[in-house]
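Novice: Starting off with a structure, shown below.
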Amino acid sequence: MTQGKDRVVAVCDEEILGETLEGGKVPFKVSEGFYKGTLGDVDEAIAAMKQATICNLVGKKIVEAAIECRMVHERAVIYFGDIPHAQIVKL
């Protein structure tokens with residue numbers, strides 16, 4: 001999704017789409033309206049994230065992949081229970 005000069009990429013692990021995650025200060029809804037789009041594999045998601053200015057990531061697979069690719073620092077990850085969430089903003 002492009003908004004103004006920003007390109008936003010939202011990625012979640014398929015199995016948590018539509019779920020409400022508990023365990024943080026507030027519940028976190030993995031909304032189909034925000035996260036549902038093209039179903040792809042992790043490599044496709046990483047490629048899209050590299051083209052984005054803003055990324056919103058939730059799920060063990062995608063956050064771990066972003067850490068492995070050095071796009072996210074592990075200390076920048078927050079958790080809802082055992083489900084990680086990270087954001088990337090390129091200035």
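Novice: Of all the helices (runs of 4 or more DSSP H) wholly in segment 15-91, which have at least 2 residues that are over 29 Å from Lys5 (Cβ atoms) and out of contact with any helix residue (DSSP H, G or I) (no Cβ under 7 Å at 6 or more places or on another chain)?
Specialist: Details: elements: 32-35, 42-51, 60-68.
Helices (runs of 4 or more DSSP H) meeting the threshold: 60-68.
For every residue, the table says whether it meets (1) of a type in the set (D, E, K, R); (2) in contact with a His (Cβ under 9 Å, 6 or more places away or on another chain).
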| residue | (1), (2) |
| --- | --- |
| Phe28 | no, yes |
| Ala47 | no, no |
| Asn56 | no, yes |
| Ile62 | no, no |
| Ala66 | no, no |
| Arg70 | yes, no |
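Novice: Yes or no: segment 20-27 includes at least one residue that is of a type in the set (Asp, Glu), surrounded by 12 or more Cβ atoms within 10 Å (Cβ to Cβ) and either out of contact with any Lys or Arg (no Cβ under 8 Å at 6 or more places or on another chain) or modelled with pLDDT under 95 (or both). Even if it seems obvious, please write down each step before you answer.
Specialist: As a first pass, look at segment 20-27 and keep what is of a type in the set (Asp, Glu): 22.
In the following step, the residues that additionally are surrounded by 12 or more Cβ atoms within 10 Å (Cβ to Cβ) were identified as none.
For segment 20-27, residues of a type in the set (Asp, Glu), surrounded by 12 or more Cβ atoms within 10 Å (Cβ to Cβ) and either out of contact with any Lys or Arg (no Cβ under 8 Å at 6 or more places or on another chain) or modelled with pLDDT under 95 (or both): absent.
Novice: Pairs under 8 Å by beta carbon, first residue at positive phi and at pLDDT 95 or above in segment 61-72, partner of a type in the set (Val, Ile, Thr) and part of a loop (DSSP other than H, G, I, E, B), six or more apart or different chains?
Specialist: Pairs found: none.
Novice: Still on this structure: Can we say Ala76 is in contact with a strand residue (DSSP E or B) (Cβ under 7 Å, 6 or more places away or on another chain), crowded, with 18+ Cβ neighbours inside 10 Å and either within 14 Å of Asp13 (Cβ to Cβ) or modelled with pLDDT of 95 or more (or both)? Even if it seems obvious, please write down each step before you answer.
Specialist: Numbers: in contact with a strand residue (DSSP E or B) (Cβ under 7 Å, 6 or more places away or on another chain): yes; crowded, with 18+ Cβ neighbours inside 10 Å: no; either within 14 Å of Asp13 (Cβ to Cβ) or modelled with pLDDT of 95 or more (or both): yes.
So Ala76 does not fit the description; no.
The values are calculated or read from the model by the stated rules, or taken from the named source; none is laboratory data. Predicted model, so just to flag it, every value in this text is computed and none were measured. Because the Cβ atoms are built from the backbone with ideal geometry, glycine has one as well, and the counts that use them run over all protein chains shown.
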